[in-house]
Amino acid sequence: MIDELGAISASPDHLTRLFLTPEHRRAADIVARWMAEAGLAVSEDAMGTVRGHWHPAGRDAPRLLIGSHIDTVVNAGKYDGPMGVILGILAVQEMVRAGFRPPYGIDVLAFGDEEGTRFPTTLSASSAVAGVFPPASLAAVDAEGISLRDALVAYGKNPDEIPAAAYDPGKVIAYVEAHIEQGPVLEAEGEPLGVVTAIAGASRLSVTVTGEAGHAGTVPMRMRRDALLGASEMALAVERIAKADPHGMVATVGRMHVEPGSINVIPSRVVFTIDLRSSSDMSRREALTRFEREAHRIADQRHLGVVISAFHEVATVPCYRDLQLRLRNAVADLGHRAPSLPSGAGHDGQAMSKLCPIGMLFVRCRNGVSHNPAEYTSPDDMGLAAAALIRFIERFQLPQLDSSTGGAPT
């Protein structure tokens, strides 16, 4: 199943499957067929989310949601997203085969736009399901000038029907997602599965450092106002701040533009980005304050100017403790220890948390590689993840999950 979806690409040389493209349509149709073959009723909402419905207790019974996404980044791996959809289908298929009759239903969801690759949007499909889709996003355009609204129409959807995609919060128990870890922790600990504690919050900054251009051969070092050296020192400062944080903070300087960019001219202007993530919002805010203070100290010391502007801010989303415990117990039933770890990457659970409690199961991936053709998760580990989902469903009772206690049973 992984290989079949992995063959659906806009490029013959690598895997690229963007939201609301012909490739997305082909993948959605295959997923719908698998859902039907597993014994689920199939529907598709106005944002293109494929839904497989299993309701042994009737349509009015509360339901557990299991899902992930089927869109990809450019030059992607095969496992990020589709694995979670497939594991959900296989788990429910086993429940149907075994004649399991819980007092709740299960919907398996195959989202699009989790990666945010085609449009300057992200999580639009899961946001619609959660009832928090921002209508202004319909005006967003891709690289070819096609708006999200027009792309939906071309895909055969009516954007005016997006509000109808939202679930009634009173009929949803929880959302659970299995996903490759996209990091090296589980492999380092020798464990195939882990339980996610939170989806990390993220801040993105643009930092502009200004100095003075000059001849590379004639301006003495002590008299230079080198914007690149100042920016480099600031980049090292944010690294130190992240390393000193006790909450697993990570910081990345992903872009650095140098002007005038000549080999024999002292750089006069540098613009660079910072991506800062942490499972603690308070820790992340404190780190931003420390970085701003350090950046201005460095600029003053080097006689430079610096302007810092934030252009992206997402709060941390905690996974509910009760769901963490249930997933950990399901893994323990299989004879394994499931380490607790945060997710530094974003997931559909961030949007789904606006609808219901969320839980996530991580699956080990080789060398921690993701968003890369080398991405790989073994059949054995995926099989254990499917078995853990089945155990989780078998033992799942209708919990009283109270958001005011972070998911502690009431």
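Rule-based calculations on the coordinates, nothing more; no lab input. Quantities reported herein were computed from a predicted structural model and do not represent experimental measurements. No Cβ is skipped: glycine too gets one built from the backbone with ideal geometry, and neighbour counts run over all protein chains shown.
Please work out the FRET efficiency for the pair A188 and H14, using the Cβ-Cβ distance as r and a Förster radius of 22 Å; give the result to the nearest 0.05.
0.20
Does the stretch 1-81 classify as rounded, prolate or oblate by the C-alpha gyration tensor (a ≥ b ≥ c root eigenvalues; a/c under 1.5 gives rounded; else a/b over b/c gives prolate, otherwise oblate)?
It is prolate, given that a/c is not under 1.5 and a/b is the larger ratio.
Based solely on C-alpha atoms, express the radius of gyration and the Dmax of the stretch 138-277 in angstrom.
For the stretch 138-277, the Cα-based Rg and Dmax read 23.6, 73 Å.
Could you grab the Rg to Rh ratio for the stretch 313-358? Cα atoms only, Kirkwood for Rh.
Reported Rg/Rh, Kirkwood definition of Rh: 1.03.
Treating the Cα atoms of the stretch 164-247 as identical point scatterers in vacuum, please give the log10 of the normalised Debye intensity I(q)/I(0) at q = 0.23, 0.24, 0.25, 0.27 Å⁻¹, two decimals.
Log-scaled intensity ratios, in q order: -1.21, -1.24, -1.27, -1.32.
Just going by the charge dipole of the chain, with Lys and Arg at +1 and Asp and Glu at -1 on Cβ, which of L325, G349, L236 is farthest out on the positive end?
The residue sitting farthest along the positive end of the dipole is L236.
Pairwise over distinct Cα atoms, reciprocal of the mean inverse distance: report the Kirkwood radius of the stretch 204-314 in Å, one decimal place.
By the Kirkwood definition, the hydrodynamic radius is 14.4 Å.
Going 7 Å from the Cα of I263 along its beta-carbon direction, which residues of the stretch 191-226 have the amide nitrogen within less than 14 Å of the resulting point?
Output list for this probe position: 216-217.
Quick check on the stretch 74-219: what are the equivalent-ellipsoid semi-axes from the Cα gyration tensor, as sqrt(5λ), descending, whole Å?
38, 26, 15
With unit charges on the beta carbon (Lys/Arg positive, Asp/Glu negative), name the residue among G214, G248, A227 whose Cα is farthest towards the positive pole of the charge dipole of the stretch 204-314.
In the stretch 204-314, that residue is G214.
What's the whole-number percent of alpha carbon pairs in the chain lying beyond 30 angstrom?
Pairs farther apart than 30 Å: 46 percent.
Report, in cubic angstrom per residue, the convex hull volume of the C-alpha atoms of the stretch 82-154.
109
Between the stretch 1-42 and the stretch 67-139, what is the C-alpha centre distance in whole Å?
12
I want the local charge near C319. Using Cβ-Cβ distances under 12 Å, sum +1 for each Lys or Arg and -1 for each Asp or Glu among the other residues.
After counting each charged neighbour, the total is +1.
Mind putting a number on the dipole of the chain about its Cα centre? Charges go on the C-beta only, +1 for Lys and Arg and -1 for Asp and Glu, and I need it in Debye to the nearest 20.
Dipole about the Cα centre, nearest 20: 800 debye.
Mind checking the alpha-carbon convex hull of the stretch 246-308 and giving the volume per residue in Å³?
So the per-residue hull volume is 99 Å³.
Considering lysine pairs in the chain that are 8 or more places apart or on different chains, how many have Cα atoms under 30 Å apart?
Total qualifying Lys-Lys pairs in the chain comes to 5.
Treating only the Cβ atoms of Lys and Arg (+1) and Asp and Glu (-1) as charged, compute the dipole magnitude of the stretch 204-314 about its Cα centre; round to the nearest 20 debye.
140
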